[in-house]
Amino acid sequence: RLVESFNNMIVELGELDMHRRNLTADVAHELRTPLSIIQGKLEGFLDGVYQPTSEQLNALLDETRLLTRLVQDLQTLSLADTGQLTLKFDEIDLIELLYDVQTSFSGQMEAAGIDLQVVVPDQKKSMDPSAPHKVSSIIIQADPSRLDQVISNLVANALRYTPEGGKVTLSAQAKSQDVIIQVADTGKGIPEEDIKNIFDRFWKGDPSRRRIEGTGSGLGLAISRKIIEAHDGQLDVKSKLGVGTTFTIKLPKSQVV
């Protein structure tokens with residue numbers, strides 16, 4: 001048994017070391033591209049190849065923003081891995097949060113020709129037919145900015161992979177013990193063999209996807225899952241090629257109004 005335990009420990013240590021090496025290589029790769037662009041542009045300015053026009057300077061500013069976001073994402077993951085991710089819990093109305101996200105993405109969705117809808121439960125109908133019809137509130141204890149970050153990231157992904165004329169739906173419902181949030185799209189879907197990898201760091205699926213297409217660093221879903229797990233919740237996905245993808249967030253229920 002002792003020999004078997006040592007062998008298992010050696011295998012696990014080897015896997016951890018390989019994961020560390022791969023992560024280091026991925027980080028270096030992600031940093032190298034924007035740094036090379038910035039260095040090349042600045043050298044071009046000094047050599048007189050480029051003129052420091054507003055367009056050129058804005059392009060450099062975009063690259064520095066990309067670097068800043070990548071460093072911030074890596075810091076968030078590092079804190080989450082060590083259990084040091086700070087959450088500022090507050091009582092929030094989940095329905096209001098979904099409508100805020102819808103408002104934030106309304107311009108992008110309209111420009112892309114995609115319908116963004118919010119589907120939430122209605123209150124029980126009043127006996128008085130003249131009474132105003134209201135939407136139920138779902139009150140939970142969560143970090144508002146972090147939860148907004150997760151939902152916004154899922155909506156941004158849905159926008160990226162949903163064709164013109166498609167639909168993205170935000171929904172929420174309170175069950176006996178949990179609150180369920182879903183972000184569903186009618187996009188191209190995810191291949192079955194890729195489902196198990198999409199929450200891995202720096203994983204981007206098709207290796208031919210280029211950074212200039214706005215695919216991000218490949219950290220968004222990894223961060224989203226860590227944030228939800230820090231809320232004692234779960235983040236899962238189901239997808240079918242040619243039909244669409246649905247991300248489901250399950251959070252402990254605090255109170256339903």
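The values are calculated or read from the model by the stated rules, or taken from the named source; none is laboratory data. Predicted model, so just to flag it, every value in this text is computed and none were measured. Quick note on the areas: whole protein, heavy atoms, side chains included, nothing else; ligands and nucleic acids left out. Shrake-Rupley method; radii C 1.70, N 1.55, O 1.52, S 1.80 Å.
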Largest first, how would Met9, Met109 line up by accessible area (1.4 Å probe)? Met9, Met109
Over the Cα atoms of region 31-119 the radius of gyration and the largest Cα-Cα distance (Dmax), both in Å, equal 19.8, 57
